[in-house]
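One structure is given here, and the rest of the page talks about it.
The values are calculated or read from the model by the stated rules, or taken from the named source; none is laboratory data. The structure presented is a predicted model; accordingly, all values stated were derived computationally and were not measured. All Cβ positions, even for glycine, are placed from backbone atoms using ideal geometry, and neighbour counts span all protein chains on display.
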Amino acid sequence: VEVRWGDVRDPVALREAFAGATLVYHLASMVSIDPSDSPALEEVNVRGARRVAEACLACGVERLVHTSSIHALAEPRPGVEIDEEQAFDPAAIDTVYGRSKARGTREVLAAVDRGLDAVVVCPTGVIGPHDYRPSPMGQLILDFARRRLPAYVDGAYDFVDVRDVAAGMVAAAARGQTGRTYILSGQRLAVRQILAILAELTGAPVPRLRIPRWCAYPAAGLLTLYGRLAGTRPLLTRDSVYTLGSNSHISHARAARELGFQPHPVRAAIADAVAWFRERELPVRA
């Protein structure tokens with residue numbers, strides 16, 4: 001394996017990294033639930049996606065697998081299942097992260113019109129081991145295990161094992177149709193269900209205080225302001241509260257039909273994430 005370092009903000013570095021490559025997986029992205037990160041999201045998720053697509057064209061890359069997000073798809077009305085027929089329409093998306101991913105995906109699809117062979121995958125909420133940063137879901141696991149989660153917000157979303165996402169991307173590279181989008185979703189779980197699983201795995205109790213979403217919005221604003229002053233990143237922001245109340249009935253029928261995508265139950269991903277944190281000697285209770 002040859003490692004080449006690059007940066008989606010550096011077109012020259014991208015072309016040097018892609019020289020001689022036949023297949024590129026584009027996963028470099030900034031994930032944020034903080035609206036104040038909008039400029040960085042624009043630079044990495046939008047202009048970065050454009051630079052990757054342009055470098056692929058310049059270097060003669062045979063196929064690009066672009067990692068978008070379920071949040072990049074316009075949300076249909078409640079009761080309508082989300083599938084790939086929804087558009088990448090930034091004007092119809094309520095979160096800064098989702099808008100940035102929609103604009104970035106449109107940059108890639110514009111390159112397809114110029115001759116790039118690219119497919120797009122849209123994972124839902126990704127959970128699993130090897131969460132080095134950690135992600136917002138990884139931070140939730142750590143906060144819960146450390147008993148630093150005094151309350152939780154009512155809501156639900158679709159979550160998927162990170163290893164199923166990786167397998168779906170490999171399948172998209174091999175069998176996906178050029179210019180086509182594939183949703184990589186897993187299992188819809190309520191927040192209470194996730195916390196119950198974590199309670200079994202860590203021994204920490206599920207918080208007794210459940211905050212309804214209508215009450216969570218003003219609390220999220222205060223926590224976001226406090227986070228900016230204190231230099232921390234709260235899990236509860238306007239965007240995260242919105243997401244937990246959004247339409248989370250999501251179909252991966254196209255990926256199952258065309259790619260053979262078959263996600264596993266999410267409980268195993270949560271258990272393996274807890275085990276991975278524990279192996280790294282982070283304070284996750286047995």
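Structural remarks
- Residues being surrounded by fewer than 19 Cβ atoms within 10 Å (Cβ to Cβ) and either more than 20 Å from residue 181 (Cβ to Cβ) or in contact with a Cys (Cβ under 7 Å, 6 or more places away or on another chain) (or both) - total across the stretch 147-169: 7
- Scanning the stretch 6-45 for residues that are assigned to a loop (DSSP other than H, G, I, E, B), of a type in the set (D, E, K, R) and surrounded by 16 or more Cβ atoms within 10 Å (Cβ to Cβ) yields a single hit, 34.
- Scanning the stretch 76-87 for residues that are touching a residue at least 40 places away in the same chain (Cβ under 8 Å) and in contact with a Leu (Cβ under 7 Å, 6 or more places away or on another chain) returns a single hit, 82.
- Among (1) at pLDDT 95 or above; (2) surrounded by 21 or more Cβ atoms within 10 Å (Cβ to Cβ) - the single one residue 195 does not satisfy: (2)
- Qualifying positions in the stretch 219-257 - hydroxyl-bearing (Ser, Thr, Tyr) and modelled with pLDDT under 80: 224, 226, 232, 237, 240, 242
- Contacts under 7 angstrom Cβ, first residue in the stretch 27-41 being in the same structural domain as residue 105 (by the TED database) and in contact (Cβ under 8 Å) with a residue 60 or more places away in the chain, partner among the small types (Gly, Ala, Ser) and not in a helix (DSSP H, G or I), 6 or more apart: 31/135
- Of residues in the stretch 118-132 being touching a Ser or Thr at 6+ places or on another chain (Cβ under 9 Å) and closer than 18 Å to residue 195 by Cα, the one surrounded by the most Cβ atoms within 10 Å (Cβ to Cβ): 127
- Conditions (1) in contact with a strand residue (DSSP E or B) (Cβ under 8 Å, 6 or more places away or on another chain); (2) surrounded by fewer than 18 Cβ atoms within 10 Å (Cβ to Cβ); (3) over 22 Å from residue 273 (Cα atoms); (4) not hydroxyl-bearing (Ser, Thr, Tyr): number failed by residue 214: (1)
- Of the helices (runs of 4 or more DSSP H) lying entirely inside the stretch 85-198, those carrying at least 3 residues that are in the same structural domain as residue 213 (by the TED database) and under 13 Å from the mean Cα position of the chain (by Cα) are 136-145.
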